[in-house]
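For reference, the structure discussed in these notes is given below.
The values are calculated or read from the model by the stated rules, or taken from the named source; none is laboratory data. Remember, predicted model here, so these are calculated numbers, not experimental data. FYI the Cβ positions are ideal-geometry reconstructions off the backbone, even for glycines, and counts take in every protein chain you see. Heads up: the accessible areas ignore ligands, DNA and RNA and are worked out on the full protein's heavy atoms, side chains in. Shrake-Rupley method; radii C 1.70, N 1.55, O 1.52, S 1.80 Å.
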Amino acid sequence: MLGSVLARTRAIVRSYRWRWLDASHNDEDIPIPSLVGPLRYDVIALRDFIQFYSAHSDVATDDFLRFVGEVRRLRFHDWKFASHAVREPHTTRDPAVWATAFADEVRQAIDVWESIRQGFDRQFPIEVRVTSRLLPAISGKRVTTRYILGDGSHRLACLMVLGYTALPRDFYRIRWYRRHRPFDGTWLLTRRGALPSQEYFAFLSMVYGAPQAFGDHAGFVDYVERHLPDRLDEIRQILRVDGFGG
């Protein structure tokens with residue numbers, strides 16, 4: 001009896017903290033740069049990996065271990081290592097264990113791409129989160145955004161490679177949270193010094209809609225001051241957290 005009561009209580013609390021919204025709330029195609037935002041460089045790392053695989057799929061087929069070795073030069077490897085170091089630290093302590101874990105990550109990303117390029121399966125929509133109270137990320141960053149990317153980073157990266165600039169309204173499902181602390185994949189890289197300045201500012205240029213990819217602090221901040229003055233404070237604190245605030 002007590003177990004069933006606790007189970008019902010947990011279900012009530014869970015439904016209060018979050019719930020899925022029906023498709024009538026999908027009222028727009030979401031621009032992908034705004035969904036990626038300053039917190040999700042991991043999506044860019046995934047996109048770049050898929051592009052690399054597309055250009056070297058013959059190597060992956062003929063000699064997978066050689067292909068995995070070449071992928072270690074990509075930011076995808078840095079991202080997966082940083083992610084595992086947080087979620088499954090035991091996989092990063094032994095080089096042999098990490099080699100196996102990373103090969104598995106490569107295979108998974110390839111499998112997702114091979115599936116998506118045959119056509120997006122609407123039975124498995126990308127999760128988009130909305131919230132009544134957006135908390136700072138664990139890194140301390142405070143961002144302004146309506147939509148937050150949940151589960152589906154691999155699929156979103158695949159859509160980018162296929163040329164999508166917006167996430168179609170029938171490709172996602174909205175999950176509402178009473179309050180929500182967004183994931184900061186960018187910070188997992190910058191805190192390890194794994195994201196060079198030029199790549200970092202080119203990334204911010206994309207997500208903030210700059211007409212060109214700025215490669216340095218001065219050029220990007222000058223653009224923000226002239227075109228996005230209302231977001232200047234937000235961007236300055238993002239730069240400080242990521243170590244690019246000079």
* Asked: Which whole-number percent gives the relative contact order of the chain, counting Cα pairs below 8 Å spaced six or more residues apart?
  -> 29
* segment 78-228 - accessible surface per residue (Å², probe 1.4 Å) -> 50
* Asked: For the peptides 101-114, 53-66, what is the packing order when you average, over each peptide's residues, the other Cβ atoms within 10 Å and list the highest mean first?
  -> 101-114, 53-66
* Can you give me the three principal axis dimensions of segment 74-136 from its C-alpha atoms, in Å, biggest first? => 39, 37, 19
* **Accessible-area composition of segment 155-246, carbon plus sulfur, in percent [1.4 Å probe]** => 48
* Could you give the dipole magnitude of segment 157-218 about its Cα centre, charging the beta-carbon of Lys and Arg +1 and that of Asp and Glu -1, in debye to the nearest 20? -> 540
* Asked: Which value in deg cm²/dmol, rounded to the nearest 500, describes the helix-derived mean residue ellipticity at 222 nm for the chain, given -39,500 (n - 2.57) per DSSP H run of n ≥ 4 and division by the residue count?
  -> -16500 deg cm²/dmol
